[in-house]
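Novice: Take this structure first; my questions come after.
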Amino acid sequence: MKTSIIFFGAGKFGAETLLILSQSNNYSIDLVVTSPLKKQGRNRKIVDSPIDTIAKKNGIQVIRPEKIDSQFIKKIQSYKSEIGILVNSSHFLPEDLIKVFPNKIINIHPSLLPKHRGPSPIQTALLDGDRVTGITIMEITKNLDAGPIIAQYPIHIDSKDNLVSLTKKLQTISANSIHSILQKILNKELYYERQNGDLATYTKKINKNDG
């Protein structure tokens, strides 16, 4: 029997993990929750995101809420999905939404938490000259990127790495690790490690000046 999932995500980073999940016979993606579409390019046209392309190809419904409110939570509850997966989502998920899922919501975050919590962990690792970064898979809680850690996958940052190359490396780790982690979560085979909040650092939104 397939495990039912609601996927929260955006961008190429989220798309690669969604692709892996949608291709597996072990999972059923009930719904994709992603960001509202924006006009792009010189002609200011609305174009499909990588998430939209994968969802359409696999017949998965996509919704784009402006905000997470009680009506949205009721809609999510109606699917009776077993677990939520969040990768690169712009939405803040409240505790009432997390409780809807029997196996909670897990987040794939591109840093070694508690370092680089927040919206720009990959960019900040490069700007700070970090030698090592990685992927953290954690359980979502009401506080930003502060939930208990399920697994971490560190990698070395090469001196030639930029945002594109480092993101690609982390995308691959995220996509390749999700199946084994999901199986362990569903089989109750994992130890969850509490984060040390005293060691936490936070990132900010990146603007043109940071280029």
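Since every read-out is calculated from the coordinates, none of them should be taken as a lab result. These numbers were taken from a predicted model, which means no experiment stands behind them. Glycine also receives a Cβ, built like all others from the backbone with ideal geometry; neighbour counts cover every protein chain displayed.
Novice: Against the 2.2 N^0.38 Å scaling, with N counting residues, where does segment 30-130 land? I'd like the Cα-based Rg ratio to two decimal places. Mind showing how you got there, number by number?
Specialist: Values: Rg = 15.9 Å, N = 101, 2.2 N^0.38 = 12.7 Å.
So segment 30-130 has a normalised radius of gyration of 1.25.
Novice: Oh, and also: Just from its helices, what would the mean residue ellipticity at 222 nm be for the chain, if runs of 4 or more DSSP H residues each count -39500 (n - 2.57) and the sum is divided by every residue, rounded to the nearest 500 deg cm²/dmol?
Specialist: Details: 6 runs with 66 residues, N = 211.
Roughly -9500 deg cm²/dmol at 222 nm, from the helical runs in the chain.
Novice: Here's a follow-up. Taking just the C-alpha trace of segment 170-211, give me its Rg and Dmax in Å.
Specialist: 16.3, 47
Novice: May I ask for log10 I(q)/I(0) of segment 67-120 at q = 0.15, 0.23, 0.28 Å⁻¹, from a Debye sum over the Cα atoms as equal point scatterers with solvent left out?
Specialist: -0.47, -0.94, -1.18
Novice: Now for a separate question. So what is the orientation-averaged projected area of the chain, using the convex hull of its C-alpha atoms, in nm²? Provide the component values of the computation, followed by the final result.
Specialist: On the way: hull surface 50.1 nm².
Computed as one quarter of the Cα hull surface, the answer is 12.5 nm².
Novice: Right, here's the next one. Obtain the nm distance between the two label points defined at Ala146 and Tyr191 by a simple spin-label model: each point lies 7 Å from its Cα along the Cα-to-C-beta direction.
Specialist: Output for this residue pair reads 2.5 nm.
Novice: To continue, here is another question. Highest mean first, how do 104-113, 159-168, 130-139 rank when packing is the count of other Cβ atoms within 10 Å averaged over residues?
Specialist: Numbers: 104-113: 23.0, 159-168: 12.7, 130-139: 19.8.
The packing order, highest mean first, is 104-113, 130-139, 159-168.
Novice: Which entries of Lys160/Lys188; Lys56/Lys169; Lys57/Lys169; Lys80/Lys115 have Cα-Cα distances beyond 31 Å here? Display every interim value, and only then the final one.
Specialist: Numbers: Lys160/Lys188 40 Å; Lys56/Lys169 26 Å; Lys57/Lys169 25 Å; Lys80/Lys115 34 Å.
Checking Cα-Cα distances, Lys160/Lys188; Lys80/Lys115 exceed 31 Å.
Novice: Please report the net charge: other residues with Cβ closer than 12 Å to the Cβ of Glu16, K and R +1, D and E -1. Display every interim value, and only then the final one.
Specialist: Values: positive: Lys12, Lys168, Lys169; negative: none.
Spelling it out: positives minus negatives among the neighbours equals +3.
Novice: Put +1 on the Cβ of each Lys and Arg and -1 on the Cβ of each Asp and Glu in the chain; which of Ile63, Ala15, Asn25 then has its Cα farthest toward the positive end of the dipole?
Specialist: Ile63
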